[in-house]
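Here the structure comes first, spelled out in structure tokens, and everything after it is commentary.
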């Protein structure tokens with residue numbers, strides 16, 4: 001009888017492996033865990049898992065992150081069905097955080113339709129948890145990642161207005177992303193004014209979230225984005241150095257170097273800027289060329305004046321961008 005059950009588990013693993021994007025080994029592990037009536041994971045363990053997935057997002061190829069995350073999202077959903085009301089509230093917080101990371105990973109893969117649905121799931125879970133900080137964080141994440149080709153910048157501004165309405169005041173998350181959206185719309189004076197408001201607010205200190213989403217390099221990253229877009233080289237250089245001093249994430253590192261290329265183009269150095277950008281993207285292993293990085297490269301390309309887009313360096317860079325983000329592992 002036990003042998004028959006194990007054979008059934010092994011056969012079933014093929015189907016579940018396809019659904020989860022995981023390996024057959026992982027599918028068998030989950031089924032065996034259920035068969036042995038394993039204890040539900042503690043809230044502390046789930047919080048630790050959230051931190052692990054967030055770290056993976058910052059250091060590993062997005063395709064790998066998405067596959068691993070979906071396994072835990074299915075598991076936390078199962079646990080919610082048999083948990084007490086107080087635990088369900090905490091598991092809603094976990095769901096909101098992990099769904100945000102999953103939507104981020106899907107955005108990096110250029111899976112925008114799926115990402116938008118998961119942002120909605122994350123918002124609903126955060127709202128159900130009643131955690132105001134988390135509600136605002138999820139909305140800030142959704143708005144910020146929407147700027148990478150997922151949404152029109154005007155739509156992002158509306159999302160940020162909605163988040164500010166919930167908060168009742170400007171927040172660091174709102175101001176960071178508002179400054180970037182305004183830059184994308186060419187509203188550089190408003191972007192700089194918003195950046196000044198951000199720096200004033202952040203100078204009083206920022207309360208970090210319990211999952212580890214917030215990091216100080218986000219303020220300097222916004223500075224790099226805004227100043228580079230406006231062609232303010234000295235301020236952009238300082239902001240880029242601040243980011244590189246604070247961060248170890250491949251995406252921020254690549255993107256602020258692309259900001260440098262953007263600033264060069266904005267100042268009229270079309271050949272130099274597009275070659276810089278091509279070098280940044282070309283130096284990345286294929287699995288790390290996320291949609292965020294490719295979209296930042298397209299910001300550089302859009303900054304090239306129309307009458308200079310037939311230059312050889314611009315054409316070579318356009319060809320590189322046409323390859324698009326890669327979803328495989330390096």
Quick one: which helices (runs of 4 or more DSSP H) sit completely within the range 264-330 and have at least 2 residues that are at pLDDT below 95? 312-323
Going by the structure shown, is residue 186 closer than 30 Å to residue 265 by Cα and assigned to a loop (DSSP other than H, G, I, E, B)? yes
Residue 159 being at negative phi and in contact (Cβ under 8 Å) with a residue 24 or more places away in the chain: no
Return a yes/no flag: does the range 236-254 have any residue that is at pLDDT 95 or above, surrounded by fewer than 19 Cβ atoms within 10 Å (Cβ to Cβ) and in a loop (DSSP other than H, G, I, E, B). no
Report yes if some residue within the range 47-58 is surrounded by 15 or more Cβ atoms within 10 Å (Cβ to Cβ), over 22 Å from the mean Cα position of the chain (by Cα), at pLDDT 95 or above and in a helix (DSSP H, G or I); otherwise report no. no
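Residues checked against (1) in contact with a strand residue (DSSP E or B) (Cβ under 6 Å, 6 or more places away or on another chain); (2) part of a helix (DSSP H, G or I); (3) over 17 Å from residue 236 (Cβ atoms):
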site: 175; (1), (2), (3): no, yes, yes
site: 182; (1), (2), (3): no, yes, no
site: 192; (1), (2), (3): no, yes, no
site: 196; (1), (2), (3): no, yes, no
site: 206; (1), (2), (3): no, no, yes
Considering only residues of the range 161-175 that are buried (at least 17 other Cβ atoms within 10 Å of the Cβ) and closer than 13 Å to residue 142 by Cβ, which is nearest to the chain's Cα centre (by Cα)? 173
Selection from the range 59-87 of residues assigned to a loop (DSSP other than H, G, I, E, B), surrounded by fewer than 21 Cβ atoms within 10 Å (Cβ to Cβ) and touching a helix residue (DSSP H, G or I) at 6+ places or on another chain (Cβ under 7 Å) yields 83
Conditions: (1) touching a helix residue (DSSP H, G or I) at 6+ places or on another chain (Cβ under 9 Å); (2) free of Cβ contacts under 8 Å to residues at least 24 places away in the same chain. Residue 101 meets all but one. Number of the miss? (2)
The range 196-227, residues that are on the phi < 0 side of the Ramachandran plot and more than 21 Å from the chain's Cα centre (by Cα): 196, 197, 199, 200, 201, 202, 203, 204, 227
Residue list for the range 104-118, filter: farther than 20 Å from residue 321 by Cβ and surrounded by fewer than 20 Cβ atoms within 10 Å (Cβ to Cβ): 113, 114, 116, 117
Name the single residue, out of those in the range 217-235 being surrounded by fewer than 22 Cβ atoms within 10 Å (Cβ to Cβ) and in contact with a helix residue (DSSP H, G or I) (Cβ under 6 Å, 6 or more places away or on another chain), that is nearest to residue 90 (Cα to Cα). 217
Determine whether residue 193 is at pLDDT below 95 and surrounded by fewer than 15 Cβ atoms within 10 Å (Cβ to Cβ). no
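The values are calculated or read from the model by the stated rules, or taken from the named source; none is laboratory data. Every value quoted in this text rests on a predicted model; they were computed, and no experiment measured them. Positions of Cβ are generated from backbone atoms using ideal geometry, with glycine treated the same way; all protein chains shown enter the neighbour counts.
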